[in-house]
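These notes concern the structure reproduced below.
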Amino acid sequence: MAGEPPQKERVIVVYDCMLFFRAAARPDRGSRLFQLIDARAVTLALSREIVVEIRDVLTRPEHLDKFPALTQAAVDFFLDHLLSLARFYPLVPSHYHLERDPKDTKYINLAIEAAADWLVSWDKDLLELSNNESPTGRDFSSKYPQLRIGTGEDFLRHLD
């Protein structure tokens, strides 16, 4: 309607696999990062490749043995719930290659493809990309200045 301020697009985020593992393995602890998705305060971006990795990690026998909350039914429910709320990208083209840890490249490429505001991780190889003191970080931020990479605490501080 005329006179109403335009609605701000929700923050688009990509979370790395360990955040999903922590949330699924210890649901009793509740994660504000995932509460933001449930409340639709942020938009989670997911790709087929990342969902496959999350399912693989969550259903590894050593994890199923150690974390009682990780049952096949619980993992299915967890992923189905997130997929119902997420913006899903079935195919993500290659935009960037992370030399230090090529397995993490999928998170960066999804963040770039989704025009994400944030890539949230505790992975040192991904966090290195936000370090403007390093040549890799300077190069990455010059190519993708809109994408912030930080820890869960960094992201929550930004939102507050």
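The values are calculated or read from the model by the stated rules, or taken from the named source; none is laboratory data. No experiment lies behind these values; they were computed from the predicted model shown. All Cβ positions, glycine included, derive from the backbone under ideal geometry; neighbour counts span all protein chains shown. Each accessible area value is taken on the protein alone, full model and side chains, heavy atoms only, with ligands, DNA and RNA left out. Shrake-Rupley method; radii C 1.70, N 1.55, O 1.52, S 1.80 Å.
For this structure, a couple of remarks:
- Surface share of carbon and sulfur [accessible, 1.4 angstrom probe, percent] for region 23-160: 51 percent
- Based on protein heavy atoms only, the chain ends up with 57 Å² per residue of surface accessible to a 1.4 Å probe.
- Largest to smallest accessible area among ASP38, ASP76, ASP104 [probe 1.4 Å]: ASP38, ASP76, ASP104
- Among ASP65, ASP80, the sequence by solvent-accessible area, most first, with a 1.4 Å probe is ASP65, ASP80.
- For the set THR136, THR43, THR59, solvent exposure ranked by accessible area (probe 1.4 Å, protein chains only) runs largest to smallest as THR136, THR59, THR43.
- Amide H contacts of ALA86 (H built 1.01 Å from N, in plane; Pro and chain starts excluded): no residue 5 or more places away or on another chain comes under 5 Å.
- Ratio Rg/Rh, restricted to region 21-151 and using Cα atoms, in which Rh is the Kirkwood radius: 0.98
- With all protein chains modelled, accessible area of ARG100 [1.4 Å, Å²]: 130 Å²
- Label-to-label distance for HIS97 and ASP56 is 1.9 nm, based on points extended 7 Å past Cα in the beta-carbon direction.
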